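Enquirer: Dropping the structure in here first, questions after.
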Amino acid sequence: MRKIIPIFLLSLSLTTYSQQTTKPPAPVLPTPTDYQMTWHQMEMNVFIHFTINTFTGKEWGYGDENNALFNPSQTDVNQWTKVVKEAGFKGMILTCKHHDGFCLWPSKYTEHSVRNSAYKNGKGNIVKELSDACKVKGLKFGVYLSPWDRNSAVYGTPAYIEYYRNQLKELITNYGPFFEVWFDGANGGDGYYGGANEKRRINGATYYDWPGTIKMVQKLQPKTIFFSDAGPGVRWVGNESGVAGETNWHIINADSIYAGKPGVQDLLNSGSEDGTKWIPAETDVSIRPGWFYHKEEDSLVKSPEQLFEIYLTSVGRGSTLLLNLPPDRRGLIHENDVKSLIGFRKILDTEFKTNLALNAAVKASSYRGNDIKYAPKNMVDNNPATYWACNDNVKSAQIEINLKQAYVVKYIVLQEYIKLGQRIKSFKAEAWTDNKWQTIAEATTIGYKRILRIKPVKTDKIRILILDAKACPVISNICIY
Ligand code: FUL
C-alpha cells in the first residue's frame, strides 16, 4: 500500500530541500576568529629590532650593559613609518624589551631603560614615539616583550612573572592598542641577573603561566593576536629564512607542539590537515643576516629580488610576512635597507600590475544549487565577501577562465573563503596552448592565499582543477597576472 505523506510533512521536506541547495556550506572547523581574519588580510608587517645591542654589536645582550650606551643621535621614527608605509606594509612590531632586559620606554619597574640612557637625556621613549607615529600613518602597532630577561635579579622566580605582567600592563595602558603581542621562546640560560652572573633554567612549559598572562591582556585588549611558537593567535613558521610550507595548513593540533619535540619545526612549517585549532603561521625573517643592526652587514642587505622571493614563499603560501628592519646607530633605517624596500615595492607593483582575470568570463564544472549566490563569477569580482562553492558531496571540480585574447601569464593567485574553513588539499593549473590543456603548476593547499609562479606561458585560457578537498571547495578569489 502506498504510504500517504501528510501534506504538512511534504511541504516541510520541500522547504528543507530548497534550503539545502542554497544554504551556504557548513564551515569546516576550526575557522578563524574575526581578529585572525584581519591579521591574515594585513599580509605584510615589519619587525623592528632596536635596543642596546645596536650599540654593543651583539645579538643577545647579557643584561649588564651600561645604559648610557643607548644613544641614537638622529632617531626619526617618522623615517621608519614613511618607508614602511610606502613599501605597502600594514603594521609594525617593536622589540620594546629584548633578552637583555633593556626597555625602550621608561618603565617604572626597572632601571635598565631609556630613562637612564643618553638618548634625549633620559627623556626619550621609543615605544611612545613609534606608537604615535604609527597612528599618524595609519599603521597598526604591536609589541615584542621578551619573556627571557637577563637583567632582572628575580628572573626564574615567581616574582618575575608579576614583573613581566606589570610591564605588559604598562605597555598596553600607555601605548596601545596592539594588533599583536610577540612572545619569544628563546632562553639561553646564562645572564647578569642583577649581578648573580649565573645560569638560570626555567621550565618553559609551566614557568610563565601563559594562560594567565593572555587572560590579562585579553581583558585589557580583546583584539590582540598572540604570537608564540604554538599560538594561540598565530604560530611560528618553524624557521627564520622566510619560507612557509608549500603545504601550509592554517590549522594545527596545539597540544602536539612543544620545544624539543623531534620534527616540531616541520610541523610548525606545514600545520596539519587534521588540526584542531586555527593558528596560522607567521613568517619572521630579517632583511639582514642579524636581527639587530651591525655595520659590517651593510653590504649584506637582502636585494629587492630576494625580498620578492621571500614574498612568494611567505604571503604566496598563505602566511603573513614579518620582515625585520633594524634601525642603525643613528636611529634610522639604513639607506641600503630603504633602497631594497623601495625596489621590492617596485617589483610587486610591476609583477602584479594588471589582473587579467578581473571580471573575465569564468565557468565551473558546477556550483552550489545552481544558485547565483555561489556562481563562478564571484571568484573574479574582486570582492572578498563573495565566493564560488559546490554542493556538499563535491570534492573535485574544474574552473575555466577565458581571457578572450592571448596574454603571457606569469602568476595565478587563488584564495579560499577561509571564514568557512580551509578545505582544499590538492589542485593543479593548466593553460590552453597548442590546442590542448597543458599542466603549468601542481600544488597542495591554498588557504588564505596561494600565489603560483609559473613559467611564463602565452595563453587565452586558464583552467584550475581542484583534485581533492576536505569538503566542498569554496573559493573567493582568482587573479591572473
Ligand atoms: C628569537 C630571538 O632570540 C632573536 O634575537 C630574535 O628576536 C628573533 C625574532 O626571535 O627567538
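Enquirer: Any idea what the dipole of the stretch 84-170 comes to, in debye rounded to 20, about its Cα centre with Lys/Arg Cβ at +1 and Asp/Glu Cβ at -1?
Expert: Values: 14 positive and 8 negative charges, 69 e Å.
Here the size comes out at about 320 debye.
Enquirer: State the percentage of accessible surface on the stretch 34-351 attributable to carbon and sulfur atoms; use a 1.4 Å probe and exclude ligands, DNA and RNA. Don't skip to the end; give the middle numbers.
Expert: Working: 6250 of 12270 Å².
Looking at the stretch 34-351 in its full context, I get 51 percent from C and S.
Enquirer: To continue, here is another question. According to the Kirkwood expression over distinct Cα-Cα pairs, how big is the hydrodynamic radius of the stretch 55-109, in Å?
Expert: 13.4
Enquirer: Dipole magnitude of the stretch 361-480 about its Cα centre, charges +1 at Lys/Arg Cβ and -1 at Asp/Glu Cβ only, in debye to the nearest 20? Show your work: numbers first, answer last.
Expert: Numbers: 20 positive and 10 negative charges, 44 e Å.
Using Cβ point charges on Lys, Arg, Asp and Glu, the stretch 361-480 gives about 220 debye.
Enquirer: Just report the Cα centroid separation between the stretch 158-195 and the stretch 409-426, whole Å.
Expert: 37
Enquirer: Compute the separation of the alpha-carbon centres of the stretch 334-405 and the stretch 226-252 and state it in Å as a whole number.
Expert: 24
Enquirer: Moving on to the next point. Can you tell which of T445, V77, G122 lies farthest toward the positive end of the dipole of the chain, using +1 and -1 charges on the Cβ of basic and acidic side chains (Lys, Arg; Asp, Glu)?
Expert: With unit charges placed on the Cβ atoms, the residue in question is T445.
Enquirer: Another question about this same structure. Given +1 on the Cβ of Lys and Arg, -1 on the Cβ of Asp and Glu, and no further charges, what dipole in debye does the chain carry about its Cα centre, rounded to the nearest 20? Can you show the working numbers first?
Expert: Working: 58 positive and 48 negative charges, 337 e Å.
Around 1620 debye, computed over the chain.
Enquirer: Cross-link list K339/K410; K353/K377; K140/K461; K223/K353: which exceed 28 angstrom alpha carbon to alpha carbon?
Expert: Long pairs (Cα-Cα over 28 Å): K140/K461; K223/K353.
Enquirer: Does anything in the stretch 458-481 have its amide N under 20 Å from the 7 Å Cα→Cβ label point of Q438, and if so which residues?
Expert: What the label zone holds, given the 20 Å backbone N cut-off, is 458-465, 480-481.
Enquirer: Expected output is a single nm value to one decimal: the length gained when fully extending between K419 and A385, i.e. 0.36 nm times separation in residues minus the C-alpha distance. What is it? Show your work: numbers first, answer last.
Expert: Values: separation 34, 0.36 × 34 = 12.24 nm, distance 0.97 nm.
11.3 nm is the gain from fully extending K419 to A385.
Enquirer: Also: Suppose the chain between T157 and S256 were pulled fully straight at 0.36 nm per residue; how much longer would it get relative to their current alpha carbon spacing? Don't jump to the answer; show the numbers that get you there.
Expert: Numbers: separation 99, 0.36 × 99 = 35.64 nm, distance 2.73 nm.
Gain on extension, T157 to S256, equals 32.9 nm.
Enquirer: Now for a different question. Rounded to the nearest 500, what is the 222 nm mean residue ellipticity of the chain from helices alone, with -39500 (n - 2.57) per DSSP H run of 4+ residues and division by all residues? Numbers along the way, then the final one.
Expert: Numbers: 10 runs with 114 residues, N = 481.
One gets -7500 deg cm²/dmol as the mean residue ellipticity at 222 nm.
Enquirer: Along the Cα→Cβ direction, 7 angstrom out, place labels at Q218 and Q74. What is the inter-label distance in nm?
Expert: 4.6
Enquirer: For the stretch 276-349, what size does the Cα cloud have along each of its three principal axes, sorted from largest down, in whole Å?
Expert: In descending order, the Cα extents are 46, 27, 17 Å.
Enquirer: Would you list the P(r) distribution for the stretch 361-480, with all Cα-Cα distances sorted into 10 Å bins from 0 and each bin expressed as a whole %?
Expert: 14, 50, 31, 5
Enquirer: Tell me, what does the Kirkwood hydrodynamic radius of the stretch 281-322 come to in angstroms if you use every pair of distinct C-alpha atoms?
Expert: Working: mean 1/r = 0.0910 Å⁻¹.
The answer is 11.0 Å.
Enquirer: What is the mean projected area of the alpha carbon convex hull for the chain, to one decimal in square nanometres? Provide the component values of the computation, followed by the final result.
Expert: Working: hull surface 112.1 nm².
Projected area, direction-averaged: 28.0 nm².
Enquirer: Moving to a separate point now. Run the simple label-point estimate for S299 and L467 please: 7 Å along Cα→C-beta, distance reported in nm.
Expert: 4.6
Enquirer: Per residue, how large is the accessible surface of the chain? Use a 1.4 angstrom probe and give square angstrom.
Expert: Normalised by residue count, the accessible surface of the chain is 43 Å².
Enquirer: Residue farthest toward the positive end of the dipole of the chain, with Cβ of Lys/Arg at +1 and Asp/Glu at -1: which of A357, T224, L323?
Expert: A357
Enquirer: Take each of the peptides 352-359, 81-88, 286-293, 145-152, average the number of other beta-carbon atoms within 10 Å over its residues, and list them starting from the highest.
Expert: Details: 352-359: 14.2, 81-88: 18.5, 286-293: 21.0, 145-152: 24.1.
For the peptides 352-359, 81-88, 286-293, 145-152, the packing ranking is 145-152, 286-293, 81-88, 352-359.
Enquirer: Using alpha carbons only, how many angstrom separate the centre of the stretch 446-481 from the centre of the stretch 25-62?
Expert: Between the Cα centres of the stretch 446-481 and the stretch 25-62 lies a distance of 27 Å.
Enquirer: Ok, one more. Got a number for carbon plus sulfur as a percent of the stretch 361-480's accessible area, 1.4 Å probe?
Expert: On the way: 2240 of 5040 Å².
Its accessible area is 45 percent carbon and sulfur atoms.
Enquirer: Show me the three semi-axes of the equivalent ellipsoid for the stretch 40-165, from the C-alpha gyration tensor (sqrt of 5 times each eigenvalue), largest first, rounded to whole Å. Intermediate results must be reported in sequence, preceding the final value.
Expert: On the way: eigenvalues 131, 60, 31 Å².
In descending order, the three semi-axes are 26, 17, 13 Å.
Enquirer: Output the peptides 155-168, 208-221 sorted from most to least packed, where packing is the average of other Cβ atoms within 10 Å over each peptide's residues.
Expert: On the way: 155-168: 17.3, 208-221: 14.1.
Most protected by this proxy first, the peptides run 155-168, 208-221.
Enquirer: Another question, if that's okay. Which order do the peptides 199-206, 121-128 take when ranked by the mean count of other beta-carbon atoms within 10 Å per residue, highest first? Please report the intermediate quantities before stating the final value.
Expert: Numbers: 199-206: 11.8, 121-128: 17.0.
Order by mean packing, descending: 121-128, 199-206.
The values are calculated or read from the model by the stated rules, or taken from the named source; none is laboratory data. Everything numeric in this text was worked out from a predicted model, so none of it was measured. When we count neighbours, we look across all protein chains shown, and the Cβ atoms used for this are built from the backbone with ideal geometry, even at glycine. Surface areas here come from the heavy atoms of the whole protein model, side chains and all, with no ligands, DNA or RNA. Shrake-Rupley method; radii C 1.70, N 1.55, O 1.52, S 1.80 Å.
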